[in-house]
Amino acid sequence: LGYDTMCDTLPGRPYEKLAAAVAADRPARVLDYCSGTGYTARSLARLLRGSQVEALDISPEMLAVAKERSEKEGLSNIRFHEASAAQLPFEDNSLDAVCISLGLHELPPEIRNASLAESFRVLKPGGAFYAMDLDRPAVTGFLMDLYLAVGEPPYARDVLTGGIEHLLRQAGFSITLKTT
């Protein structure tokens, strides 16, 4: 419950903005990986009632929470997958969209890079990848530096200030930025 409460109270409502951006293209089949409690997957399922949402996480405990919360909300268009983001259990060119919210900075570099390559593999031609993650604000960047120093592994910095763009290009993606 704590994580979902945090998501509900973040300034600017970034999770809702991410889900709205993904839903705007009306994908028929979308993957939310590193799904955790399924917060983003549930948001997508509510916005895309006629679409299939795939929620993937390596943690069976997190997926159990995600399933329970989805059932409570009566969401029947989510399927849950216990698997590594580095080895997605989907066919090549089978998804219209892939997204990850606040997860790339958590993944060790070899897993993160494999997950991006796998995302590229499973997307249909013309499909879209959406990522929401940490960045370093210009004015209060020292607070982010402090947080990263005490609360995150050193490789979390790889996604800051254009880092995601660099990682996506390495995985074969072309970039169209949509900032909110």
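The values are calculated or read from the model by the stated rules, or taken from the named source; none is laboratory data. What you see is a predicted model, and the numbers here were worked out from it, not measured in a lab. Methodologically, a virtual Cβ is constructed for each residue, glycine included, from the backbone with ideal geometry; neighbour enumeration extends over all protein chains shown. To get the accessible areas, we keep the full protein, side chains included, count just its heavy atoms, and leave off ligands, DNA and RNA. Shrake-Rupley method; radii C 1.70, N 1.55, O 1.52, S 1.80 Å.
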> Is it true that some residue in region 107-128 is loosely packed, with under 14 Cβ neighbours inside 10 Å, farther than 14 Å from ALA85 by Cα, touching a residue at least 40 places away in the same chain (Cβ under 8 Å) and not aliphatic (A, V, I, L, M)?
Replying inline: no
>> For a quick check of your reading of the model, give me the residue pairs whose first member lies in region 54-71 and is in a helix (DSSP H, G or I), whose second is surrounded by fewer than 18 Cβ atoms within 10 Å (Cβ to Cβ), with beta-carbon atoms closer than 7 Å and at least 6 apart or on different chains.
In response: PRO60/GLU82; LEU63/GLU82
>> Which residue is most open to solvent (accessible area, probe 1.4 Å), if the candidates are limited to region 40-86 and must be among the β-branched types (Val, Ile, Thr) and in contact with a Gly (Cβ under 8 Å, 6 or more places away or on another chain)?
In response: VAL65
>> With the requirement that a residue be at pLDDT below 95, part of a helix (DSSP H, G or I) and over 15 Å from the mean Cα position of the chain (by Cα), what does region 4-37 give you?
In response: THR5, MET6, ASP8, THR9
> Within the bounds of region 74-95, is there any residue that is more than 24 Å from ARG121 (Cβ to Cβ), outside any strand (DSSP E or B), touching a Ser or Thr at 6+ places or on another chain (Cβ under 9 Å) and of a type outside the set (Val, Ile, Thr)?
Replying inline: yes
